[in-house]
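Structure, as structure tokens:
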Amino acid sequence: MQEIIEKLKQTPSTLYLTYVLIYIPWGFAMDAFGTWAEIAKFNHWWQVLTCYGLYMIPISILLRGRPIFEQYAYGLVAMGLLEFGGYYFETSYAYPNNIIENTFGSRNFALGMALFFAVYFPLGNWVVNKMYTRFFSK
């Protein structure tokens with residue numbers, strides 16, 4: 001556990017800033033798309049900040065530099081817990097008869113969401129790395 005905390009502490013503030021500038025707008029855009037397409041949405045706007053900022057950014061930093069499939073696998077566990085919790089505690093709303101339920105069945109909705117959102121970790125780390133090296137590389 002100490003190793004995890006140290007890695008997060010040693011991460012440069014400019015890297016955190018890069019994650020925030022990419023993940024937070026990305027989160028609001030995905031929430032807006034999910035609402036527009038009537039797939040799913042957060043019940044409160046601030047959940048974007050907690051989920052994308054306080055949950056996904058630290059996990060992304062911890063997964064940074066690992067192979068893509070490893071990032072995806074760990075991301076799948078992380079997103080599975082997040083999706084399960086969101087629907088269990090009813091802080092997220094899944095629209096009835098949404099495209100995922102209609103395609104894969106209602107029992108597979110949270111799994112489908114977790115499988116999709118786990119891609120955020122390798123993809124997000126790739127995007128952040130490109131932006132970070134472009135603007136903050138020495």
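The values are calculated or read from the model by the stated rules, or taken from the named source; none is laboratory data. Being a predicted model, the structure only gives us computed values, none of them experimental. We place every Cβ from the backbone using ideal geometry, glycine too, and count neighbours over all the protein chains shown.
Starting from the range 64-88, keep only residues that are more than 15 Å from Leu111 (Cβ to Cβ), then list their pairs with residues that are in a loop (DSSP other than H, G, I, E, B) and of a type in the set (D, E, K, R) whose Cβ atoms are within a distance under 8 Å, requiring at least 6 positions of separation or different chains.
Tyr74/Arg66
Take the residues in the range 1-21 that are in contact (Cβ under 8 Å) with a residue 24 or more places away in the chain and not in a helix (DSSP H, G or I); name whichever of them is surrounded by the most Cβ atoms within 10 Å (Cβ to Cβ).
Residue satisfying both the conditions and the ranking: Thr11.
For the subset of the range 22-40 comprising residues that are within 16 Å of Leu54 (Cβ to Cβ) and touching a residue at least 60 places away in the same chain (Cβ under 8 Å), which member is farthest from the chain's Cα centre (by Cα)?
Selected residue: Ile22.
Filter the range 45-71 down to residues that are small (Gly, Ala, Ser) and part of a helix (DSSP H, G or I) and give me whichever is surrounded by the fewest Cβ atoms within 10 Å (Cβ to Cβ). Show your work before the answer.
First, pick out the residues of the range 45-71 that are small (Gly, Ala, Ser): 53, 60, 65.
If we keep only those that are part of a helix (DSSP H, G or I) as well, we get 53, 60.
Details: Gly53: 17, Ser60: 23.
Taking the candidates together, the pick is Gly53.
Please name all residue pairs, on different chains or six or more residues apart, with Cβ atoms under 8 Å, provided the first residue is in the range 42-56 and is more than 10 Å from Ser92 (Cβ to Cβ) and the second residue is buried (at least 17 other Cβ atoms within 10 Å of the Cβ) and among the hydroxyl-bearing types (Ser, Thr, Tyr).
Tyr52/Tyr23; Gly53/Tyr23; Met56/Tyr23; Met56/Tyr120
Picking from Glu90, Glu70, which residue would you name as being farther than 21 Å from Lys9 by Cα and touching a helix residue (DSSP H, G or I) at 6+ places or on another chain (Cβ under 9 Å)? Lay out the reasoning, then the answer.
On the way: Glu90 fails: touching a helix residue (DSSP H, G or I) at 6+ places or on another chain (Cβ under 9 Å).
Exactly one residue qualifies, and that residue is Glu70.
What is the residue count in the range 117-138 for residues that are among the basic types (Lys, Arg) and either surrounded by 14 or more Cβ atoms within 10 Å (Cβ to Cβ) or touching a Pro at 6+ places or on another chain (Cβ under 7 Å) (or both)? Can you show your working first?
So the first thing to find is which residues in the range 117-138 are among the basic types (Lys, Arg), and the list is 130, 134, 138.
Those still in the list that are either surrounded by 14 or more Cβ atoms within 10 Å (Cβ to Cβ) or touching a Pro at 6+ places or on another chain (Cβ under 7 Å) (or both) too: none.
The qualifying residues number 0.
Is it fair to say Ala78 is closer than 30 Å to Phe135 by Cβ, modelled with pLDDT of 95 or more and crowded, with 17+ Cβ neighbours inside 10 Å?
Answer is yes for this residue.
With the condition kept exactly as written, say whether any residue in the range 97-116 is small (Gly, Ala, Ser), buried (at least 16 other Cβ atoms within 10 Å of the Cβ) and touching a residue at least 40 places away in the same chain (Cβ under 8 Å). It would help to see each step written out before you state the result.
Within the range 97-116, the subset small (Gly, Ala, Ser) is 105-106, 110, 112, 114.
Going one step further and asking which of them are buried (at least 16 other Cβ atoms within 10 Å of the Cβ), we end up with 110, 112, 114.
Still in the list and also touching a residue at least 40 places away in the same chain (Cβ under 8 Å): none.
No, because not a single residue in the range 97-116 is small (Gly, Ala, Ser), buried (at least 16 other Cβ atoms within 10 Å of the Cβ) and touching a residue at least 40 places away in the same chain (Cβ under 8 Å).
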